[in-house]
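Take a look at the structure below.
All of the numbers you see were taken from the coordinates with simple rules; none came from a lab. Since we're looking at a predicted model, the values are computed, not measured. Note that we place each Cβ from the backbone using ideal geometry, even for glycine, and neighbour counts take in every protein chain shown.
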Amino acid sequence: MSFLIGCALWGYKEWVGDLFPPGSRASEFLRLYGQRLTTVEGNTTFYSVPDQATVARWAAETPIGFQFCPKLPRTITHAGLLYPHLEEALRFLDRMQGLGDRLGPVFAQLPPAYGPANLTDLAAFLTALPRIAAEFAVELRHPDWFTPRYSARLTELLQELGIGRVLLDTRPIYDVPGHPQLHSERKKPKLPLQFSVTAPFSLVRYISHPDRDVNQRFLQDWVPHISQWLQQGTRIYFFVHCPLEGRSPTNLRFVQHLFQQHQLPIPPLPWDGLDSFPVQLNLL
């Protein structure tokens, strides 16, 4: 598939009765998630590396075509320079091989302290990653990476290596005042959104507003870019977050239907074919 859509995690008990059928058990969450959505942001691997048996189970419980996009562990990305942790990264990649064809791009989320002064370290680390093991993407949070001087150099590096740049869209939680649940989520950085593709794929992390309809004006900005990227053959992984995690699936469905209404060439959402819940298509 050229367009895959999912959430940051697959197991959340408040999704029972919405994404998951009533009465669903935690042991069923991944299987049910894979029947409804097409990818997941592997946030769990940021905190803990699963054992080999767990990785094999993840692959077995998801359908052909489903994609995990694991996040490099924080012991690699949040411990100073990257290159000294290359061996640990290689061990992590070896463990993720147990996902087989369910393994999507692996991404590194770097802390705000990791700035352009570390460009040489970043280049050395990314160059050393084995392309045969996985595709890779990087999310940068130091504000200087977004200035013209360093953004161009970064883009050149990523394009040369075929590394994706994670596109983080936090506008819905910063540009809309008045919602009490947004305070904690605003720990995410407020950075410029650059619609930039540097690899044959793109990872988008969309931090949605809890009030579903508020997201429409921000999603409209994505439509022409996603349309163009899909026409160019770019594979897109679109992850929908929400400060109120219980609302992430509903907001994800809203994203899917808005893109469909704009006639983007994206596959149907498997979830839509599995239940009889009412679907809101009138987004005007």
Do any trypsin sites (Lys or Arg not before Pro) in the range 23-100 lie in a DSSP loop with no more than 16 other beta carbon atoms within 10 Å, and if so, which? Arg25
From the gyration tensor of the Cα coordinates in the range 3-273, what semi-axes in whole Å does the equivalent ellipsoid have, largest first, with each one equal to sqrt(5λ)? 27, 23, 18
If the chain between Glu87 and Gln261 were fully stretched, how many nm would it gain, using 0.36 nm times the residue separation less the Cα-Cα distance? 58.0 nm
Difference of contour (0.36 nm per residue) and Cα-Cα distance, Ala124 to Gln231: 35.3 nm
Binned at 5 Å starting from 0, the alpha-carbon pair-distance distribution of the range 43-196 in whole percents comes out as 1, 8, 17, 20, 18, 15, 12, 7, 2, 0
Between the range 7-35 and the range 184-232, what is the C-alpha centre distance in whole Å? 25 Å
Per residue Cα convex hull volume in Å³ - calculated over the range 13-131: 116 Å³
Estimated distance in nm for a label pair at Ala117 and Glu28, the labels positioned 7 Å out from Cα along Cα-to-Cβ: 5.4 nm
Full-extension gain between Asp101 and Ala133, please, as 0.36 nm times their residue separation minus the C-alpha to C-alpha distance. 10.4 nm
